[in-house]
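K.L.:
First the structure, then my questions, so here it is.
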Amino acid sequence: MFSPNFHQKNREIAFLSRHLCYNFYEGGEKMKKFFKEHDLIKLVSLVLIVVIVLSWIIPSGSFSTGASFTEGDMGRIGLAHIFYGFDFALQNYSIQIGFLVLLGMFYGVVSKTEGYRALVSRFVKVCKGHEIGIAIIISLLVALLTSFLNNTYIILVFLPFLVTALRRLGFDKISAFATTFGALLVGILGATYGTEGLDGFILYLTYSGADVSITTELAVRFGILILAYVLYTFFNVVYIKKLFSDKKREEVKVIDDKFAVEEPKKKKSKVWPTAVMFIILFVFVILGFTSWNMTTQSGSTTFGITIFEDFHEWLMGLTIGGEDGIAIFQSILGGSLPNLGYELVPSFGNWYLFSYCIVLAIATVIVAFASKMGLNDFFTNIGEGFKKMIRPIMFLLLSYMVFVFLYWNPFIPTIINEIGKMASGFNPFVATIQAIVGSFFNTDFAYLGYTLSYYLASFSGTEGNLIVVIYSTIYGLVQFVTPISTFLLFGLSYMNIPYKKWMKYIWKFLLAMLVCLLVIFALLTYL
């Protein structure tokens, strides 16, 4: 016979086992629900894991003169690399992160003002009943600006306002995202003079002997931009028409917009001060980031307009006290320091993202002052704006970590070299596959050009020109789908849209655009 203590212990063990199993089940269900609601974390983490695993399997590689390939050593990513990779990404992308922090602070302040509420309300009132036309116009402006301006991040300045207005008009999250962030991706696909990394990509090719420039096949790339916009808009309009024709559709309650605003408290709130501020911000974007007369990194000059450079040189040259006196405007605005090799406030057309950060910070203070916002409220609002940007910024850092790992262990050239063996000489379809693979794992288009520069530069003449077209457009197309796409990640996380939902919306456009591009590449190669 067993003692009573033995049975008591068995009952205790059974109770603990059931309790542990229940907690394990509950924890598993919560984790499953978390990843279902936040699938971006799962996807970005998966890409990071894939890159880490590949670093243990595929050796690094590099191309040299004549497209000669050299296989390197294994650059295995270890545990310490993961933590240092996060720190490395934080350091090297501090300007972009600082800009996004300031953008959050700006909207944290402006969204609490009566003027901004009135502006959104007036915009919605004017656009009511013209939703399809407004979507077409907004997406066209965003795509064109992205394609032509030499910085893509700067477009984000206006997207929170547009998202808020579209949501108030009755757009759901996916259609509002497609009209704004999606149109930005269309501009990257059809890059002409602008977008992140294009000039750097061409620069590295020229360093390796390629005879290309920012204007190489410009007409073709612009034609692809128009084609992409028309095709993209067709699918977007079909979706919006169906959305607004649904009679059973409930009224949209905008509670998931980060900077959603209520109706103005006063019926006759002044709109014009806020409207003028946004117009000024827009003018600075156009003036600062259009390459008026910029001799690009790749050596080509753009529009040949010198008025802004001439004015800047004259303004910065004004002195008090003769030739050896103080350069008054240069000192006030903040020119180059003795140990600084570039100007912090350059001429229009040569602005950095940092230059616009100054404008954004000043605008934030002016808005708070003009709206008579108390100091406590001001700091509370910028704090709230900052908190709303933390999640999108964290996703950007994770995507940048992938770039850092590829920088430490460049195994992409090894894969590209193996794919290249599928054809002897130039083949547009093989080149497309190579571009897809290289673009999927790269958040930095310029760095892709750097790692493959000697290989890509080995193609000359028509083939060399077509390489620029293939890589720039395929890179843009891949940014619609790769989980580490910088602006896709930012937009989806900003609007809290599941990746699966976006893919369900965009796959038809991706397939149709890929077919169109393959036909264009074939025609340019074989005709």
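The values are calculated or read from the model by the stated rules, or taken from the named source; none is laboratory data. As the structure is a computational prediction, the values presented were derived from the model and not from experiment. Neighbour counts are summed over all protein chains in view; Cβ atoms, including those assigned to glycine, are modelled from backbone coordinates with ideal geometry. Surface areas here come from the heavy atoms of the whole protein model, side chains and all, with no ligands, DNA or RNA. Shrake-Rupley method; radii C 1.70, N 1.55, O 1.52, S 1.80 Å.
K.L.:
What does the accessible area of SER62 come to, in Å² to the nearest 10, when a probe of 1.4 Å is used?
P.N.:
The value for SER62 is about 60 Å².
K.L.:
Of ASN417, PHE395, PHE303, which is farthest towards the positive pole of the chain's charge dipole, taken about the Cα centre with +1 and -1 on the beta-carbons of Lys, Arg and Asp, Glu respectively?
P.N.:
Sorting the options by dipole projection puts first PHE395.
K.L.:
Just to confirm a number: summing +1 for Lys and Arg and -1 for Asp and Glu over residues other than GLU71 whose beta-carbon lies under 14 angstrom from that of GLU71, what do you get?
P.N.:
Net charge in that neighbourhood comes out at -1.
K.L.:
From the phi angles alone, apply the Karplus equation (6.51, -1.76, 1.60; θ = phi - 60°) to the stretch 394-408 and give each ³J(HN,Hα) in whole Hz, x where the residue is Gly or Pro.
P.N.:
Karplus-based 3J(HN,Hα) across the stretch 394-408 equals 4, 5, 4, 4, 5, 5, 5, 4, 4, 4, 4, 5, 5, 5, 6 Hz.
K.L.:
Given a 1.4 Å probe and every protein chain left where it sits, what share in percent of the accessible area of the chain is carbon and sulfur? Spell out each step's value before the answer.
P.N.:
Details: 16960 of 25920 Å².
Here carbon and sulfur together make up 65 percent of the probe-accessible area.
K.L.:
Restricted to Cα positions, what overall size does the chain have along the principal axes? Three whole-Å values, descending.
P.N.:
108, 71, 56
K.L.:
Structure shown: which of LYS42/LYS508; LYS125/LYS268; LYS128/LYS501; LYS173/LYS265 lie over 18 Å apart, alpha-carbon to alpha-carbon?
P.N.:
From LYS42/LYS508; LYS125/LYS268; LYS128/LYS501; LYS173/LYS265, over 18 Å: LYS42/LYS508; LYS128/LYS501; LYS173/LYS265.
K.L.:
On average, how much accessible surface per residue is there in the stretch 90-143, in Å², for a 1.4 Å probe, leaving out ligands, DNA and RNA?
P.N.:
Working: 2160 Å² over 54 residues.
Dividing the accessible area of the stretch 90-143 by its residue count gives 40 Å².
K.L.:
Now a separate question. Any chance you could run the full-extension gain for VAL430 through LYS241? It's 0.36 nm times the residue separation minus the Cα-Cα distance, nm to one decimal. Please report the intermediate quantities before stating the final value.
P.N.:
Working: separation 189, 0.36 × 189 = 68.04 nm, distance 3.87 nm.
Length gained between VAL430 and LYS241: 64.2 nm.
K.L.:
Right, next: Obtain the nm distance between the two label points defined at TYR84 and ALA219 by a simple spin-label model: each point lies 7 Å from its Cα along the Cα-to-C-beta direction.
P.N.:
Going by the 7 Å Cα→Cβ label model, 5.2 nm.
K.L.:
Points 7 angstrom from Cα along the Cβ direction at ILE366 and ILE320: gap in nanometres?
P.N.:
It is 2.3 nm.
K.L.:
Leaving out ligands, DNA and RNA but keeping every protein chain, what accessible area does TYR505 have, in Å² rounded to the nearest 10, with a 1.4 Å probe?
P.N.:
Rounded to the nearest 10, the figure is 40 Å².
K.L.:
In nm, to one decimal, how far is the ALA67 label point from the VAL230 one, both placed 7 Å along Cα→Cβ?
P.N.:
3.3 nm
K.L.:
Given R₀ = 35 Å, what would the calculated FRET efficiency be for SER94 paired with LYS266, taking r from the Cβ atoms and rounding to 0.05?
P.N.:
It comes to 0.30.
K.L.:
If you filter the stretch 83-150 for trypsin sites (Lys or Arg not before Pro), then keep DSSP loop positions with at most 15 other Cβ within 10 Å, what is left?
P.N.:
Counting only loop positions with at most 15 other Cβ atoms within 10 Å, the trypsin sites (Lys or Arg not before Pro) in the stretch 83-150 are LYS128.
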